[in-house]
Amino acid sequence: MIIDSDRLKGVGAAHVADALTKLALPKRFARPETKPAFAIQGLVVGRALPAKHFGSVDVFLAAFEHAAPGDVLVVDNEGRLDEGCLGDLITAEAKLAGLAGIVIHGAHRDTAQLREIGLPVWSLGCIPYGPTVLRAPTGVPVMLGDAIVTRDDVVIADEDGVIFMEAAHTDKVIAAALEIARREEKQRAAMVSGRTLRDQLKFHEFQAAREKNPTLTFREHINKVRGAVET
């Protein structure tokens, strides 16, 4: 699944998260500790390629047999931090397979080499040790924290973190995220020109209205004035 990067210019994971909230879609994400292994730029969006790790890299090689360009490898290593479940060779293989990135619920290793390869990788941290124990498969689904991830999901990731959503919702979520991003960009430009956010969001009108109606929320007011601070 490849999405035109030009279409996503200016869009971040936060905009996608706001779009999911606006559309009342499920809130699924990797643990907040999941960070890029090295500095990245832009947003990575791709179909999830889930893999459950039990101590051997053959699960990744098997997954690549079914990969499509633009996929994102999603690795469930149960959040283990005592082993780097993949490193430079698997990352290089993922890049050759056309993948857009890797997300690990666990640790990675070979950080310097990963930086050189350039394929974006997210994980809970790094450790020099690789797997030393082969564990028995459990048959449980691929999970990152509380989120179950399947082949029917899409991964959205940048420096803010990693989000998962059903692929069927991709078009409407991206359309909503683009609208939010463009509105925020317009508001920031107005602030650079000297117009405060309070003025743009008619904050004084909100305060006056709430004096008459104490149940009025700022969220309701923002929706009325088409603001972008909250959705």
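The values are calculated or read from the model by the stated rules, or taken from the named source; none is laboratory data. Keep in mind it's a predicted model, so treat the numbers as computed, not measured. In this analysis, Cβ positions are derived from the backbone assuming ideal geometry, glycine residues included, and neighbour counts consider all displayed protein chains. The protein model used for the area step is the full one, side chains on, heavy atoms only, and it has no ligands, DNA or RNA in it. Shrake-Rupley method; radii C 1.70, N 1.55, O 1.52, S 1.80 Å.
Separation between the Q187 and Q41 pseudo-spin-labels, each 7 Å from Cα along Cα→Cβ, expressed in nm?
Output for this residue pair reads 2.7 nm.
Residue by residue, what Karplus-based ³J(HN,Hα) values in Hz, rounded to whole numbers, does segment 146-153 have, using 6.51, -1.76 and 1.60 with θ = phi - 60° and x for Gly and Pro?
Computed from phi, the couplings for segment 146-153 are 8, 9, 7, 10, 10, 5, 8, 9 Hz.
Remind me, relative contact order of the chain in percent, using alpha carbon pairs under 8 angstrom and six or more residues apart?
In percent, rounded to a whole number, it is 26.
Can you tell which of L197, L114, L25 shows the greatest fluctuation in a Gaussian network model of the chain with Cα springs below 10 Å?
Highest fluctuation among the options: L197.
Let me have the 222 nm mean residue ellipticity of the chain computed from DSSP H runs of 4+ only, each contributing -39500 (n - 2.57), with the sum over all residues rounded to the nearest 500. All intermediate terms of the calculation are to be shown ahead of the outcome.
Details: 8 runs with 78 residues, N = 231.
One gets -10000 deg cm²/dmol as the mean residue ellipticity at 222 nm.
Which peptide among 115-126, 134-145 comes first, and what is the full order, when sorted by highest mean count of other Cβ atoms within 10 Å? List each step's numbers first, then the result.
Working: 115-126: 19.5, 134-145: 12.7.
Output ranking for 115-126, 134-145: 115-126, 134-145.
With a 1.4 Å probe and all protein chains left in place, how much accessible area per residue does the chain have, in Å²?
On the way: 12300 Å² over 231 residues.
So the chain comes to 53 Å² accessible per residue, rounded to a whole number.
Could you tell me the calculated FRET efficiency between L89 and A136, based on Cβ-Cβ distance and R0 = 30 angstrom, to the nearest 0.05?
0.75
Taking amide H positions as placed 1.01 Å from N in the peptide plane, with prolines and chain starts having none, which residues 5 or more places from V72, or on another chain, fall under 5 Å of its amide H?
Sorted by chain and number, the residues that satisfy this are R47, A48, L49, A100.
Arranged from highest to lowest average of other beta-carbon atoms within 10 Å per residue, in what order do the peptides 44-51, 179-186 appear?
Working: 44-51: 24.4, 179-186: 16.1.
In decreasing order of mean packing, 44-51, 179-186 become 44-51, 179-186.
Over segment 38-103, what is the relative contact order in whole percent, taking alpha-carbon pairs under 8 Å and six or more residues apart?
Value for segment 38-103: 39 percent.
By the scheme Lys and Arg +1, Asp and Glu -1, what is the net charge of all other residues having a beta-carbon under 14 Å from that of A97? Kindly include the intermediate steps, with their values, before the conclusion.
Details: positive: R47, K95; negative: E65, D71, E93.
Local charge sum for A97: -1.
On the protein heavy atoms, probe 1.4 angstrom, tell me the percent of accessible surface of segment 157-231 carried by carbon and sulfur.
Ligands and nucleic acids excluded, carbon and sulfur give 50 percent.
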